[in-house]
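Peer 1: First, the structure itself, so that you have it in front of you.
The values are calculated or read from the model by the stated rules, or taken from the named source; none is laboratory data. No experiment lies behind these values; they were computed from the predicted model shown. Don't worry about glycine lacking a Cβ; one is built from the backbone with ideal geometry, like all the others, and counts go over all protein chains shown. Accessible surface areas use protein heavy atoms only, side chains included; no ligands, DNA or RNA. Shrake-Rupley method; radii C 1.70, N 1.55, O 1.52, S 1.80 Å.
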Number of protein chains: 2
Amino acid sequence: MTAKPKLTKNQSVVLKALTRAKKPLTAYEILDLATVRTQGLKAPLTIYRALDRLRDEGLVHRIESLNAFLACCEKAGHTEPVGFVICDNCRKSVELRLSDCETHLGASAEAAGFQVGEIRVEMTGLCPACVKAAARQG
Amino acid sequence: MTAKPKLTKNQSVVLKALTRAKKPLTAYEILDLATVRTQGLKAPLTIYRALDRLRDEGLVHRIESLNAFLACCEKAGHTEPVGFVICDNCRKSVELRLSDCETHLGASAEAAGFQVGEIRVEMTGLCPACVKAAARQG
DNA sequence: TCTATACCATTATATCATTACATCATGCGA
DNA sequence: TCGCATGATGTAATGATATAATGGTATAGA
Ligand SMILES: [Zn+2]
Ligand SMILES: [Zn+2]
Ligand SMILES: [Zn+2]
Ligand SMILES: [Zn+2]
């Protein structure tokens, strides 16, 4: 019986903000949101602490190349490795299943003698909307 | 006839420092090295500029999850995507070929409607030496 | 000479993240 | 009830990473 890990108020506020944003936000961007500020969160550390907990629960992912955080696309969260594809233009980001690549990648690392922990994949490019916009520009 | 892109002094100093280090260094760590300081490099921006050029040439790679830079394992450099595996304990990092995973990863991204540019893969874990050390600890 | 280009220096500032320490609430055994 | 551990929170300061703004120097070609 693992105790139901209910989120605290700060954690809920941050998770809601990220869910609403639908794209990655940095800790300071979260802090600047009116919806967050009015809830009384006003220091970076408060945000980082909430994010730490949310990441532990697998409800939020960190995108290393942006120093930003994205709400998981699955309601219940998860800790399995996933990949991200990130628009260079508008920063829209989508979580992707790795479709067995993680197995191959892990095997390469083990072939080099490493014991593998986390696997992170980040791809950059243009999102569908920005591809279309670029096409219109000629 | 692409002009031979000879490196400037600053660029050479930074590349040598990274090559000698054999592991990822942050810009500020590079700046703190005696071998770099004595060559007259003394501001962060100087280091970043040299790194930008070296990355353009494919001679140095950036590891996003460490905010650090690693000399390419190939003398001539390259811009093809590679993966890294990084020791959580000692930070030793190794460059790995992606063995076709990049193709699959890119395909997933394209299936989501994205036009893919860069692909970055970073794995964390324990290097062979640290695995052995951990085993001795029991 | 005039202009363009590339490289570099210096200072200040912006951005991202953590440390240190105090406070408050809750739950739990004595 | 008291004492105490635990975990969440608040505040302030600082550390760590990266870029902006400005201008100097050297060089190459018209
Ligand atoms: Zn997820
Ligand atoms: Zn976009
Ligand atoms: Zn390389
Ligand atoms: Zn190691």
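Peer 1: Do we find a residue being within 26 Å of B:E118 (Cα to Cα), in contact with a Leu (Cβ under 9 Å, 6 or more places away or on another chain), away from ligand 1 (no atom under 16 Å from the Cβ) and not assigned by TED's automatic domain parsing to the domain that holds B:I119 anywhere in the stretch B:28-42?
Peer 2: Scanning the stretch B:28-42 turns up at least one residue that is within 26 Å of B:E118 (Cα to Cα), in contact with a Leu (Cβ under 9 Å, 6 or more places away or on another chain), away from ligand 1 (no atom under 16 Å from the Cβ) and not assigned by TED's automatic domain parsing to the domain that holds B:I119.
Peer 1: Take the stretch A:96-138 and flag every residue that is more than 15 Å from B:E122 (Cβ to Cβ) and in a strand (DSSP E or B).
Peer 2: Within the stretch A:96-138, A:L96, A:Q115, A:G125, A:L126 qualify.
Peer 1: Out of all the residues in the stretch A:98-117, is one or more among the charged types (D, E, K, R), open to solvent by less than 20 Å² (accessible area, probe 1.4 Å) and not assigned by TED's automatic domain parsing to the domain that holds A:A50?
Peer 2: no
Peer 1: Under the condition of being of a type in the set (V, I, T) and farther than 22 Å from B:L66 by Cβ, which residue from the stretch B:1-50 is surrounded by the fewest Cβ atoms within 10 Å (Cβ to Cβ)?
Peer 2: Applying the filter and picking the extreme gives B:T2.
Peer 1: Between a first residue in the stretch A:98-118 that is facing another protein chain (nearest Cβ under 8 Å) and a second residue that is surrounded by 20 or more Cβ atoms within 10 Å (Cβ to Cβ) and in a helix (DSSP H, G or I), which pairs have beta carbons less than 7 Å apart while being 6 or more apart in sequence or on different chains?
Peer 2: Here the result reads A:S99/B:S108; A:C101/B:C101; A:C101/B:L105; A:H104/B:C101; A:L105/B:C101; A:V116/A:A109, each pair linking the stretch A:98-118 to a residue that is surrounded by 20 or more Cβ atoms within 10 Å (Cβ to Cβ) and in a helix (DSSP H, G or I).
Peer 1: Hey, among the residues in the stretch A:118-133 that are surrounded by 14 or more Cβ atoms within 10 Å (Cβ to Cβ), within 14 Å of B:E110 (Cα to Cα) and aliphatic (A, V, I, L, M), which one's farthest from the chain's Cα centre (by Cα)?
Peer 2: Per the stated criteria, the residue is A:V131.
Peer 1: Do we have any residue at all in the stretch A:61-70 that's more than 16 Å from DNA strand C (Cβ to nearest atom) and either at pLDDT 95 or above or of a type outside the set (D, E, K, R) (or both)?
Peer 2: Among the residues of the stretch A:61-70, not one is more than 16 Å from DNA strand C (Cβ to nearest atom) and either at pLDDT 95 or above or of a type outside the set (D, E, K, R) (or both), which makes the answer no.
Peer 1: Please give the number of the condition B:V82 fails out of (1) within 14 Å of chain A (Cβ to nearest Cβ); (2) surrounded by fewer than 17 Cβ atoms within 10 Å (Cβ to Cβ); (3) in contact (Cβ under 8 Å) with a residue 12 or more places away in the chain.
Peer 2: (2)
Peer 1: Based on what the data block shows, is A:L66 more than 15 Å from DNA strand D (Cβ to nearest atom) and outside the structural domain of A:I119 (by TED's automatic domain parsing)?
Peer 2: Considered against the rule, which asks whether it is more than 15 Å from DNA strand D (Cβ to nearest atom) and outside the structural domain of A:I119 (by TED's automatic domain parsing), A:L66 comes out as no.
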